[in-house]
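Working notes, structure below.
The values are calculated or read from the model by the stated rules, or taken from the named source; none is laboratory data. None of the values given here were measured: they were computed from a predicted structure. Neighbour counts are summed over all protein chains in view; Cβ atoms, including those assigned to glycine, are modelled from backbone coordinates with ideal geometry. Accessible surface is based on the protein model in full, side chains and every heavy atom, while ligands, DNA and RNA are left aside. Shrake-Rupley method; radii C 1.70, N 1.55, O 1.52, S 1.80 Å.
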Amino acid sequence: MGVIINCKHLRLFLFLLWAILALSCKDNTVAVQEPEPSSEYTPLRSVAPFPVGVALQSNRLSSGPHSQVVRTVFSSVTAEYEMKMRHLTDPSGNYVWGPTDALVAFAKEYDMQVHGHTLVWHQSTPSWLENFSGTDAEFEDAVEDYITNVVGRYKDDVVSWDVINEAFEDGSGALRNSVFRRRMGPDYIARLFQYARNADPDVLLFYNDYGTIWDAAKRDAMFSMIDDLQTRGIPIDGIGLQMHITYNTPSLNNIVAVMDAIVQRGLLIHISEMDVRVNPQGDLSELTTGRSELQKQRVKDIVMAFMDLPEANQFAITWWGLRDPESWLIDFWGNPEWGLLFDAEYRPKPAYDGFLEALTEN
């Protein structure tokens, strides 16, 4: 019996000791989880004359280092998934606001702008809309209602929206035969832009796509659409160039030529989804110094080209992810990749220095 009592006393003593140590170390634990990156390197937001953004998933904001680096380094955020239609609604068509509300609240707390991505995308069409059983007119009413509700909810917090993402086919430039094209007709893009403008007269409206730098047919289709919208007075404010590139392609001359063509049309340019692949041939098992330096120079060249544009046409540069192991590139291409500004330990890479050098030397 005496042994049992002593054990109980020992357990009580150990519990009290653990509680005291936990309380006394609480502040130190938080400090370790959230290092102050601004003491280690220059935040891009403190130097860039335009917004520098990053794509986020709101669930990663619960990580101390992730949240700290994002809010210290960047001045703009884009939802990687949460603002797409399939994520903002459930299979029955009910709205799911929580994750997007959390991201918007984070941006507001740390004085960051929010770029909305994206109202319509053929790869994120929810089942309730893909399998819509009503008439075509009722389908369009549902789309308009969705745009009105989403844009209206974030009217005071979101400065810009990608109204539609990737509307043209690779190679041919043909309009994708999405459910929106089938149910609303070939002029549906113009109506999407108008619905967004009706919902918020002040928000900036963008068309966003990849491949328009190297795919001539897609590029021509995009510019034909822009010219048509502008001729008819349909509101469009800018173009998102998804800068998913490699360390050596496409040529800088081609990138500059497309940006110049956008400037000629009086539109804003958003380098909207930047990452720079360093292992496109799959020949690396780890990031080499040589490939890292080529990535750094590539980033520097593109940022300098962006800064050479008229200031009135510079909207933002947004990186499609924070650190290398979280990038979509790895799963999509099936190779190891290191396409972003930060490594797995939240340390800035030479590519980060290339961005800073472009900002300070231009």
Condition (residue is open to solvent by less than 40 Å² (accessible area, probe 1.4 Å), under 15 Å from PRO350 (Cβ atoms), of a type in the set (Ser, Thr, Tyr) and modelled with pLDDT of 95 or more) applied to segment 271-289: is it met by at least one residue?
no
Residue that is surrounded by the most Cβ atoms within 10 Å (Cβ to Cβ), among those in segment 161-186 that are assigned to a strand (DSSP E or B) and out of contact with any strand residue (DSSP E or B) (no Cβ under 6 Å at 6 or more places or on another chain)
PHE168
So GLN264 clears everything in (1) open to solvent by 20 Å² or more (accessible area, probe 1.4 Å); (2) touching a helix residue (DSSP H, G or I) at 6+ places or on another chain (Cβ under 7 Å) except one condition, right? Which one?
(2)
Can you confirm whether THR118 is open to solvent by less than 50 Å² (accessible area, probe 1.4 Å), β-branched (Val, Ile, Thr) and in contact with a strand residue (DSSP E or B) (Cβ under 6 Å, 6 or more places away or on another chain)?
yes
Looking at segment 308-358 only, could you name the residues that are in contact with a Leu (Cβ under 9 Å, 6 or more places away or on another chain), open to solvent by less than 40 Å² (accessible area, probe 1.4 Å), of a type in the set (A, V, I, L, M, F, W, C) and in a helix (DSSP H, G or I)?
LEU329, ALA351, PHE355, LEU356
Kindly provide the set of residues from segment 199-230 that are of a type in the set (D, E, K, R) and open to solvent by 30 Å² or more (accessible area, probe 1.4 Å), ordered by number.
ASP202, ARG219, ASP220, ASP227, ASP228
Among the residues of segment 292-323, which ones are among the basic types (Lys, Arg) and closer than 19 Å to ALA358 by Cα?
LYS296, ARG298, LYS300
Pairs, please: C-beta under 8 Å, at least 6 apart or cross-chain, first residue closer than 23 Å to PRO280 by Cα and open to solvent by less than 50 Å² (accessible area, probe 1.4 Å) and in segment 231-260, second in a loop (DSSP other than H, G, I, E, B) and among the small types (Gly, Ala, Ser)?
GLN242/GLY211
Kindly indicate whether GLU144 is over 30 Å from LEU359 (Cβ atoms) and open to solvent by 50 Å² or more (accessible area, probe 1.4 Å).
yes
